[in-house]
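Read-outs throughout are calculated quantities, based only on the coordinates presented, and are distinct from any laboratory measurement. The structure presented is a predicted model; accordingly, all values stated were derived computationally and were not measured. Cβ atoms come from the backbone with ideal geometry, glycine included; neighbour counts cover every protein chain shown.
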Amino acid sequence: MTTPVLEARGVTMRFGGLTAVRSVDFTVNAGEIVGLIGPNGAGKTTFFNCLTGLYVPTEGTVSYKGTVLPPKPHLVTQAGIARTFQNIRLFANMTVLENVLVGRHTRTKEGLWSALLRGPGFKKAERASEERAMELLEFIGLAHKRDHLARNLPYGEQRKLEIARAMASEPGLLLLDEPTAGMNPQETRATEELVFAIRDKGIAVLLIEHDMRFVFNLSDRVAVLVQGEKLVEGTSDVVQADERVIAAYLGEPFEGDPGEAEAAEVEAAEAAAEASPSTTSSTKGEAK
Amino acid sequence: MTETTKTPAPDAMPTPPALRGLIPLPAAAARALLLAGGIATAASAFLAWTWTDEFPGDLTFNGYPGGLQWLTFTAGVLTALFALASYGVRGLGWLLPARNNAPLVLTALGGFTVTWFTVIAISVELGGVVNLEPGGWIAAIASLLPVLGAFALPQERTAADGTKETLKAYIAKPDRIPAPQATSGWVQRAVITAVTIIGLGVFTYGIDTEYGQLFVGYLFVVTFAMWAIHTAGLLDRFSALVAANRSFTLAMGFAAAIAFPFTQTDDHYANIGVNILIFGTVALGLNIVVGLAGLLDLGYVAFLGVGAYTAALVSGSEFSTISGVHLPFWASALAGAAASLVFGVLIGAPTLRLRGDYLAIVTLGFGEIFRIAVNNMDGDSGPDVTNGPNGIANIPDLNLLGFNFGQAHDIGGFTLGRFANYYLLMVLIMAIVVLVYTRAADSRIGRSWIAIREDETAATAMGINGFRVKLVAFALGAALAGLAGTVSAHVTYSVVPTPYQFAGSTPPNSAFLLAAVVLGGMGTVAGPLLGAALLYLLPEKLVFLQDKSLLAFGIALILLMRFRPEGIIANRRRQLEFHETGQLDVPKQTTLTDEPAVTKAGA
């Protein structure tokens, strides 16, 4: 539990004048499920993209198991970090099995020559890849749909397939970007079990989520990102109790509230009106 | 695989009595009219249609059809056959697996179109309807009868949606086609063999058409007949057969391709054949780039040029700037492919960092740069490499193991001329390219090409090095085009810069190559070959259209893209995309349960 799988140090991402992520330090340990929450526009997905090399962070480094990752998505995946996307990005016109096989890309070696010559090594590797892919499809429960086009799957199954595709790259860390977005309660519960099962396979999980019950049920630790900065990090209880988090989501009642005085005034006026009903009626008449 | 999804449905034959055709006739009478009309149409082909042999094909004989009359005859026979099958005549049931009326309508329309086209062509060309003999009038009326009969048949409402427009319902393919009975392996192979022989016959007939009118009529009949066969569900059944006997079909295809020059007596048609093969091979190479990797390359013909120029330079031609060098063919073929590969990498390395439209524009520019550079490397405005616009002429014929390609050879009683020799060489090259294409497509690298095409961001997030994989596709496509180019240099005796341009009225040029791929069907093997054959034959045969041929070509392209956007031969993905039922994009069958329906497991 102590070796960090992922270690982000001082990650900052600026788009022109806008600082989307501001010097975030973040670690995920082996075998952990970590949740990343925050209001809309807090920079969660930007942070994800920095971690996976889709964005080159303006400052800071990301390292996986002690080695600093180059900001190239395919190298990050090669190193052992796989991800899913907030809006599903499957290869829509490929079959379910092919989608998972594409996920195997970094763990197989066969190049063009091997494909053209079709030696015994090629066939063996293809068969092994397919077996592994089928295992994953069994794991998420889509094995019976292996030859369907990804585009034709129902929404929930597309989400699952995306997870299977990411797992095919045999990652040490899986990043899930809103895995339950648009799901009904049953599907969310199923996803919850799936994430636990993934953790039990020894894969650390980092997830962005808006479904608070889902996040707090699952996560060993939760980090809160607000306006690009990490506000709090801790266990579910700590984060849930933190007033700053509540404030970030609901807005805070700040001290010297001008509403307080007004409320007192209104109350006083009401009290006065009750005391002398005649005045009230006369004011009404004047108003007419 | 396909037939398992199309489970036999008891309600496959919609016979609600309330349905009537467009023309108010009892269904029995309509059917009879169809049958009689079909027979009459076929019979009318035996009459004299005109009095003079000035109209090509000589349609003046009674008792023997000529030229276009053969096409009318074929269409009439097809109509009659489908009509008989719809009566449920024993032994013809296989013609109409779906038991629908659409094939009847389409074959009737085919007969009607080709006959009326002929009659009108006679009247226009000879200057008036007086040039029609009574036979011509009879044929026109006879071919109209089955159309009347067809539209008097009750139109099918394909059970799913009753909202199909009236006319469309007549020619729609039913959603469900009963699964065929299981057949043994040798029956399947016999069917594939028979279809290959018929296909070769039809194809050869098209290439051998001697005048434009005959080719137009041929296109009418073939289009309507194929369409009818498609709506009857026979094409689906055949593709299932092909899927079950893939290697056998491939072997039969190549056997047919090899057999082609033996059916020809005139080397001119072998010339057309070899040009189609060169064009088709290059289109297949482009298919890797466009169809698999999804990179729009508008300058692809330059790689054909690189191959051709390389082969010409090392061919030992006296006009070559390095005329002392005379490599054997295998070496010059490798050199051509290697030179194209190098150019592919050189052009690809800077351009493939771009996406979509930008890539298209830049490749278009590089294609033109090649042509202009070759045009200027004449010793005046540049180094003396290519002789500028004069090109490299007098490229000697190939000589492989003592077999001189320039001479006619007698093989088993058949005379193979110069072009037939090159044709056979091109068949070999095409076999290599087909092998490379299919093997590359069905592998780790092929999957990553498709993944890149589908979603580049997701593909890189899955660990695919997008740039590298795209460069491999680009270089491989270029090398295949270069390989075809080495043969084309020898076939045409000389290489000049002009054919290697972006757009022109004759193939090959980049626009035509791209059109062949898109028209035939992206991502398939047969598609680009068929597209290339069509696009080569159209300008070749329709010389009477002259400068309007590009206009006609454009209109044809627009129509095809409107009505069959996936190309003539749809690839498996496209087919699943458009025709797999019981899925999310087919709302009527969507299951709302969380549990996946187990019955779909077979799909």
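A simple spin-label model places pseudo-atoms 7 Å from Cα toward Cβ; at B:N394 and B:L550 they are separated by 3.5 nm. For B:Y211 and B:L92, a Förster radius of 56 Å and the Cβ-Cβ distance give a FRET efficiency of 0.95, rounded to the nearest 0.05. Converting phi to 3J(HN,Hα) with the Karplus coefficients 6.51, -1.76 and 1.60 and the offset θ = phi - 60°, the range B:189-194 yields 5, 4, 4, 4, 4, 4 Hz in sequence order, with x at every glycine or proline. In the range B:27-239, a dipole from Cβ-located charges (positive for Lys and Arg, negative for Asp and Glu) runs towards its positive end, and of B:T118, B:A42, B:T231 it is B:T231 whose Cα lies farthest in that direction. Computed log10 I(q)/I(0) for the range A:154-208 at 0.26, 0.28 Å⁻¹: -1.13, -1.29, from the Debye equation with unit scatterers placed on every C-alpha and solvent omitted.
When the helices of chain A are scored as -39500 (n - 2.57) per DSSP H run of n ≥ 4 and the total is divided over every residue, the value at 222 nm lands at -13500 deg cm²/dmol. Taking the inverse of the mean 1/r over every pair of distinct Cα atoms in the protein assembly as shown gives a Kirkwood hydrodynamic radius of 32.0 Å.
Between the Cα long axis of helix B:68-87 and the first principal axis of chain B there is an angle of about 50°, rounded to the nearest 10. Counting, for every residue in A:75-88, the Cβ atoms of other protein chains within 10 Å of its Cβ and taking the mean gives 2.
Go ahead and run the numbers for FRET between B:D384 and B:R468, Cβ-Cβ distance against an R0 of 51 Å, rounding to 0.05.
0.90
Distances between placed amide hydrogens fall under 5 Å for B:G379 paired with B:D384, B:V385, all partners being 5 or more residues away or on another chain. A straight line joining the Cα centroids of the range B:37-84 and the range A:1-33 runs 80 Å.
Near the amide H of B:F319, within less than 5 Å, lie the amide hydrogens of B:A393, all on another chain or at least 5 residues away, with H placed in the peptide plane.
Each Lys or Arg adds one and each Asp or Glu takes one away; over the other residues whose Cβ falls under 12 Å from the Cβ of B:Y87, this sums to +3.
The percentage of C-alpha pairs in the range B:275-574 whose separation is greater than 30 Å is 31%.
In sequence order, the range B:41-46 has phi-based couplings of 4, 4, 5, 5, 5, 8 Hz under the Karplus curve 6.51 cos²θ - 1.76 cosθ + 1.60, θ = phi - 60°, and Gly or Pro positions carry x. Of the peptides A:210-223, B:530-543, B:393-406, the ranking by mean beta-carbon count within 10 Å, highest at the top, reads B:530-543, A:210-223, B:393-406.
Once backbone amide H atoms are built at 1.01 Å from N, A:R83 has A:L175 as its partners under 5 Å, excluding neighbours fewer than 5 places away on the same chain.
Could you work out the Kirkwood radius for the range B:209-294, taking every pair of different alpha carbons, averaging 1/r and inverting it, reported in Å?
Radius from the Kirkwood sum: 15.9 Å.
Between B:Q407 and A:W113, the simple spin-label model (points 7 angstrom out along Cα→Cβ) gives 4.1 nm.
Between B:I141 and B:A190, residue separation times 0.36 nm minus the direct Cα-Cα distance comes to 13.8 nm. Using a ≥ b ≥ c from the Cα gyration tensor of chain B (square roots of the eigenvalues), is it rounded, prolate or oblate, where a/c under 1.5 gives rounded and otherwise the larger of a/b and b/c decides, a/b for prolate? The shape class here is oblate. Per-residue Karplus couplings for the range B:196-206, computed as 6.51 cos²θ - 1.76 cosθ + 1.60 with θ equal to phi - 60°, are listed in order as 4, 5, 4, x, 4, x, 4, 5, 4, 4, x Hz, Gly and Pro entered as x. Nearest 10 degrees is fine. How inclined is helix B:444-454 to the longest principal axis of chain B, computing both from alpha carbons? Relative to chain B, helix B:444-454 is tipped by roughly 70 degrees. Note on the range A:90-170: Kirkwood hydrodynamic radius from all Cα pairs is 12.8 Å, rounded to one decimal.
For the range B:275-574, the dipole from Cβ point charges (+1 on Lys and Arg, -1 on Asp and Glu) about the Cα centre works out to 1060 debye, to the nearest 20.
Helix B:134-152 and the longest principal axis of the Cα set of chain B meet at an angle near 80°.
Of interest is the spacing of the C-alpha centroids, which for the range A:160-206 and the range A:58-101 amounts to 14 Å. Computed over chain A with a Gaussian network model linking Cα atoms closer than 10 Å, the most mobile of A:L116, A:L69, A:L173 is A:L116. Using a cut-off of 18 Å between Cα atoms, the listed pairs A:K160/A:K201; A:K72/B:K470; A:K65/A:K160 include A:K65/A:K160 as exceeding that distance. For the pair A:E243 and A:T12 in one chain, pulling the backbone fully straight at 0.36 nm per residue adds 80.6 nm over the alpha carbon distance.
Taking each DSSP H run with n ≥ 4 as -39500 (n - 2.57) and averaging over every residue of chain B yields -19500 deg cm²/dmol at 222 nm. Placing +1 on the Cβ of every Lys and Arg and -1 on the Cβ of every Asp and Glu, with no other charges, gives the protein assembly as shown a dipole of roughly 2360 debye about its Cα centre.
Taking the Cα centre of the range B:27-239 as origin, work out the dipole magnitude from +1 charges on Lys and Arg Cβ and -1 charges on Asp and Glu Cβ, in debye rounded to 20. Could you put the intermediate results ahead of the total?
Details: 10 positive and 12 negative charges, 223 e Å.
Dipole magnitude for the range B:27-239 comes out near 1060 debye.
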